[in-house]
Amino acid sequence: MRTAVDHPHIRPRRILLARLVAGAAALPLVLAGCSAGSAPPTPTPATTTAGSTETSTPLPRVPGAADPREIDPRCLAQFPDRAEIIDEAQVPGRPDFWPPAPEWAVLCFTELENDFTQVGWYATDPGISRAEIYRTYEHAIIGIGQTARATIPEGEIVTGVVLPDHSFWIIAGRDHFRVTWSQDGEYAG
């Protein structure tokens, strides 16, 4: 594993560690709110009136309760054993300014490779080409970083940097792709 001593241009992942520590510190507070003496909030049912369509107010999230959202069917098709519900913006290794997934893609699960690197696995609508995936991200990264195409044994990839301190690479397959983010240096704009 690379360290700041081995590679002076690499700085420790203080942000990731701070988020993990903060999350662990908040867990007892969340669990304390779920004590046996507290009743869960009452859901607000959908309502209809004559001549109207059904409306619904989002229910509050009850700590410890099952997530009311369902796993995206695209994730279940591509990654049936790994798919989960993920808020893309809350992935700790993802750069702050990373573009959100296009409407034809969804983040299905992530893997933490080491202290500096995280991988996001995405499923796409059927038939989205590798070229479309690459063009979408190359265009979205204009202004926040730089991209290039490269060839590796697995095929063509898009690689680059997102300022100020992340490198990334994207490799696409049939109806899915993965993004590897690595906080590994300071890059000039």
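The values are calculated or read from the model by the stated rules, or taken from the named source; none is laboratory data. Keep in mind that this is a model prediction, so the values were computed, not measured. Every residue, glycine as well, gets a Cβ built from its backbone with ideal geometry; the counts of neighbours run over all protein chains shown.
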Task: Failed condition for residue 145, given (1) buried (at least 16 other Cβ atoms within 10 Å of the Cβ); (2) small (Gly, Ala, Ser); (3) within 24 Å of residue 71 (Cβ to Cβ) - done: (3)
Task: Single residue of 138, 103 found to be surrounded by 16 or more Cβ atoms within 10 Å (Cβ to Cβ) and either part of a helix (DSSP H, G or I) or not β-branched (Val, Ile, Thr) (or both) - done: 138
TODO: Report, by residue number, each residue of the range 131-147 that is of a type in the set (A, V, I, L, M) and farther than 13 Å from residue 95 by Cβ.
DONE: 131, 133, 142
- [ ] Could you tell me whether the range 122-129 includes any residue that is modelled with pLDDT under 95 and assigned to a strand (DSSP E or B)?
- [x] no
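In the range 167-188, how many are farther than 22 Å from residue 104 by Cα, in a strand (DSSP E or B) and either out of contact with any Ser or Thr (no Cβ under 6 Å at 6 or more places or on another chain) or without any contact (Cβ under 8 Å) to a residue 24 or more places away in the chain (or both)?
Residues flagged as farther than 22 Å from residue 104 by Cα, in a strand (DSSP E or B) and either out of contact with any Ser or Thr (no Cβ under 6 Å at 6 or more places or on another chain) or without any contact (Cβ under 8 Å) to a residue 24 or more places away in the chain (or both) within the range 167-188 amount to 2.
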- [ ] Mind listing whichever residues of the range 111-149 are of a type in the set (D, E, K, R), farther than 24 Å from residue 76 by Cα and in contact (Cβ under 8 Å) with a residue 60 or more places away in the chain?
- [x] 115
Task: Failed item, numbered, when residue 68 is tested on (1) touching a Leu at 6+ places or on another chain (Cβ under 7 Å); (2) modelled with pLDDT of 95 or more - done: (2)
Task: Near pairs, Cβ below 6 angstrom, 6+ apart or cross-chain, from the range 152-166 (closer than 18 Å to residue 184 by Cβ) to any residue that is polar (S, T, N, Q) and outside any loop (DSSP other than H, G, I, E, B) - done: 158/147; 160/146; 160/147; 161/146; 161/167; 165/183; 166/183
